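Read through the structure below, which is laid out as structure tokens, and then see the notes.
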Amino acid sequence: MSELVTLLVTSVLINNVILNQFLGMCPFMGVSKKKSSALGMGVAVVFVIVVAALVTYALYYLVLVPIGLEFMELITFILVIASLVQLTEMFIKKYSPSLYKSLGVYLPLITTNCVVLNVCLVNITNAYDFSHMLVYSVGTPLGFALVLYIFSTIRERLELSNVPAAFKGNGIALICAAIMSMAFSGLAGIV
Amino acid sequence: MKYLLAALFFGALVLVYIVLYLLNKKTPLPEGCEDLKADCEGCHDFSCSHNPAHHIKKAEGE
């Protein structure tokens, strides 16, 4: 049990997918200008990663391994993630218009989010059992959503700050991201 | 035999993707969602349809 808690804390805070592994930088810079957008993107990423991890994990151990096609994991996972995003978008469009209003526009962006593929591949390469896979697949997108939301609140305040002209926009945002990365690396001592 | 199986498996996955893509395209958008846009400021991925560069090109063309 303590191992699972450690894995959760590590995947959310210490080995944070954005600040430690530098993955998913496109939505991190692109969709962090407003708190509401960041929250929408965060929720959509959590949902897609958890579902994608469950499907790819099952597909790998129940289909690819028994027929000896383990070398197909990368291409399989890419196609599964792309198909899953289409399926999710279709269902949300049809059954939950309100959810589509808040998440729909971010769903196609998730297809190209490398965090999704990273989670699916790490689950296999680290040979996680089901419980570890589930904890890692929930923790990683939660860390992504947390950092994206914190960063969006910082960027909203930066809009009102007196920033030197040369640093305006992405310049000051990247400096803030670097400081955040250093701050989060300090959390390594808690585990 | 193994490589034939791999090709068939790959073909099946592509087929699933194409079918889901077409079904998704055919599903009508909910009311009020016809003109949704992401608040994306744009990164350097110009292949992404949300990149503002595409909107600028479209505006110039009009």
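Just one of the listed residues (A:L64, A:L121) is under 19 Å from the mean Cα position of the chain (by Cα) and not charged (D, E, K, R), and it is A:L121. One residue is enough: does the range B:41-57 have a residue meeting the conditions at pLDDT 85 or above and assigned to a helix (DSSP H, G or I)? Looking for residues that are at pLDDT 85 or above and assigned to a helix (DSSP H, G or I), one finds none in the range B:41-57, hence no. Screening A:V105, A:V116 for residues that are within 25 Å of A:M29 (Cβ to Cβ) and either more than 10 Å from chain B (Cβ to nearest Cβ) or within 15 Å of the chain's Cα centre (by Cα) (or both) leaves exactly one candidate, A:V116. Filtering the range A:152-174 to residues that are among the hydrophobic types (A, V, I, L, M, F, W, C), touching a helix residue (DSSP H, G or I) at 6+ places or on another chain (Cβ under 7 Å) and closer than 22 Å to A:L13 by Cα leaves A:I154, A:A173. Among the residues of the range A:1-18, those identified as away from chain B (no Cβ under 14 Å) and not in a helix (DSSP H, G or I) are A:M1, A:N15, A:N16, A:V17.
The values are calculated or read from the model by the stated rules, or taken from the named source; none is laboratory data. Since we're looking at a predicted model, the values are computed, not measured. We place every Cβ from the backbone using ideal geometry, glycine too, and count neighbours over all the protein chains shown.
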